[in-house]
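Report on the following structure.
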Amino acid sequence: MKKNGISRRSFLKSTAMAGALSAVGGGSAASILTSCGGNGGSAESAVKPLREPGSYYIPELPDMATDGKELKAGVIGCGGRGSGAAFNFLAAANGVTITALGDTFQERVDELADKLKKEKNIDIPAERRFVGLDAYKQVIDSGVDVVIVATPPFFRPEHFKYAVEKNKHCFLEKPICVDAVGYRTIMATAKQAAAKNLCVVTGTQRHHQRSYVESYKKIMEGAIGEITGGAVYWNQSMLWYRERQAGWSDCEWMIKDWVNWKWLSGDHIVEQHVHNIDVFTWFSGLKPAKAVGFGSRQRRLTGDQYDNFSIDFTMENGVHLHSMCRQIDGCANNVSEFIQGTRGSWDSSTMEIKDLAGNVVWKYDFEAEKNTYKQTDPYTLEHVNWINCIRAGKVIEQASETAVSNMAAIMGRESAYTGAETTWDAMTAAALDYTPKDLNLGKMDMSGFTVPVPGTPVEKK
């Protein structure tokens, strides 16, 4: 008996997935297909590609970048992610090195310099270790070829702008902005980068994770049909925090505790959950027209932001996306994306595509990937692709694409903070600017850093 008019066999036959084994990328013979049986198909079930081949970008993801021009990198932001990105860059290719470091704080610069010396025998002399809020300019002006920007998200638009002005290829950690002003800076700078033939890759590493890339290809080929909706999640335990120490200034404390402050991180829907929102905007090619949501602060110990959000996005074609994120201990966890289509669905938690009857018609083969490739870390593979593009003179510009998912997250956050519906047109043109009025490394007016309360107060009767 057929369900929903589509048998597993006809689905496989019409998508040409039963006749030939798909590769894990790059022409590999390793199979990533889980085959299914069933009855014969018909012409009526022929699959229409969601997008025509050649109209969308698929990265090449070899283990290492091709040898070529030597590249000197400067790292701006030497904390955990900056240090991680530095070593990902070094693992991605031969003939690359790091020659300059910059951070707001001396100890962060020295910690990364010591680690580079100990593990890679790379010596960063004192005169190439830059400290302070303007350290990014000194790193960029130090003679580097490329820059790795991993400062707290608030700072990234200006750092990107200056790097492109100085003709540097950029790797930008996500998110790349926290407000509307930053969004417009990113979009304008991205156009300048493309015009200058610069290569810009962002830290949305799922774009360089082979399981996601292969899933994206299948969906573009029409495996789930037209996209009709989705749900994306990042629910996890509480993230880290820093208690204020004696002698720390207001700004020093906030920057060291940056994932808990709205102006620095954009809140966790922007700082972290943007990954999942980005998967939907990437796969669908859609941006949100409006957002309505809510959130609250239940358990957070420092900062001025929420620890949970639930957002209903209406995309520009009317399709709905549900977005959910939470950072609270002792709750159900889930970090995944689900996309529904007219022919079936895709779930990143299992990397499977199912037909409308719930039968698995495709599944990514992680064992085949491990047997085919030495490098499976997407945090390194994004640097492999970046370096390959630089050396081949092949322009890549991911900032404007990431800015779409980034703005979607900002829309959701602002709706939750205010209780109002937000729209794409209004938010992208808004004067929203999270820059503190007295930004400096010393004493600041802390009265403005308060937890948002949506709606209007209840009047006593």
**Asked** Just a yes or no: is a residue in the range 254-268 in contact with a Leu (Cβ under 7 Å, 6 or more places away or on another chain), under 15 Å from Glu414 (Cα atoms), open to solvent by less than 10 Å² (accessible area, probe 1.4 Å) and of a type in the set (Phe, Trp, Tyr)?
**Response** no
**Request:** Take the range 396-425 and flag every residue that is farther than 22 Å from Val279 by Cα and touching a Lys or Arg at 6+ places or on another chain (Cβ under 9 Å).
**Result:** Tyr417, Glu421
**Prompt:** Only one residue in Ala392, Ala426, Ala399 is touching a residue at least 12 places away in the same chain (Cβ under 8 Å) and under 17 Å from Asp179 (Cα atoms). Which one?
**Reply:** Ala399
**Request:** Answer yes or no as to whether Ala231 is surrounded by 15 or more Cβ atoms within 10 Å (Cβ to Cβ) and either among the hydroxyl-bearing types (Ser, Thr, Tyr) or modelled with pLDDT of 95 or more (or both).
**Result:** yes
**Request:** Answer with yes or no whether Asp110 is of a type in the set (Asp, Glu), more than 25 Å from the chain's Cα centre (by Cα), at pLDDT 95 or above and open to solvent by 80 Å² or more (accessible area, probe 1.4 Å).
**Result:** no
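For (1) open to solvent by 30 Å² or more (accessible area, probe 1.4 Å); (2) more than 30 Å from Val395 (Cβ to Cβ); (3) at pLDDT 50 or above, each residue gets a yes or a no:
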residue: Leu21; (1), (2), (3): yes, yes, no
residue: Ser42; (1), (2), (3): yes, yes, no
residue: Pro53; (1), (2), (3): yes, no, yes
residue: Tyr57; (1), (2), (3): yes, no, yes
residue: Gly77; (1), (2), (3): no, no, yes
residue: Gly82; (1), (2), (3): no, no, yes
residue: Ala85; (1), (2), (3): no, no, yes
**Complete:** The residue from Thr350, Thr314, Thr342 that alone is open to solvent by 10 Å² or more (accessible area, probe 1.4 Å) and touching a Pro at 6+ places or on another chain (Cβ under 8 Å) is Thr314
**Complete:** Restricted to the range 182-217 and to residues being in a loop (DSSP other than H, G, I, E, B) and within 21 Å of Glu60 (Cα to Cα), the residue most open to solvent (accessible area, probe 1.4 Å) is Asn197
**Item:** Residue that is farther than 27 Å from Lys443 by Cβ, of a type in the set (A, V, I, L, M, F, W, C), more than 19 Å from the chain's Cα centre (by Cα) and open to solvent by 40 Å² or more (accessible area, probe 1.4 Å), where the choices are Met238, Met220
**Value:** Met238
**Request:** Working only within the range 154-198, note down all residues that are polar (S, T, N, Q) and under 22 Å from Phe89 (Cα atoms).
**Result:** Asn167, Asn197
**Request:** Answer yes or no as to whether Ile410 is in a helix (DSSP H, G or I), closer than 30 Å to Leu133 by Cβ, touching a residue at least 60 places away in the same chain (Cβ under 8 Å) and touching a helix residue (DSSP H, G or I) at 6+ places or on another chain (Cβ under 7 Å).
**Result:** yes
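The values are calculated or read from the model by the stated rules, or taken from the named source; none is laboratory data. What you are looking at is a predicted structure, and each value in this text was computed from that prediction instead of being measured. Cβ: placed from backbone, ideal geometry, glycine included. Neighbour counts: every protein chain shown. These area figures cover heavy atoms from the full protein model, side chains too; ligands, DNA and RNA do not enter into them. Shrake-Rupley method; radii C 1.70, N 1.55, O 1.52, S 1.80 Å.
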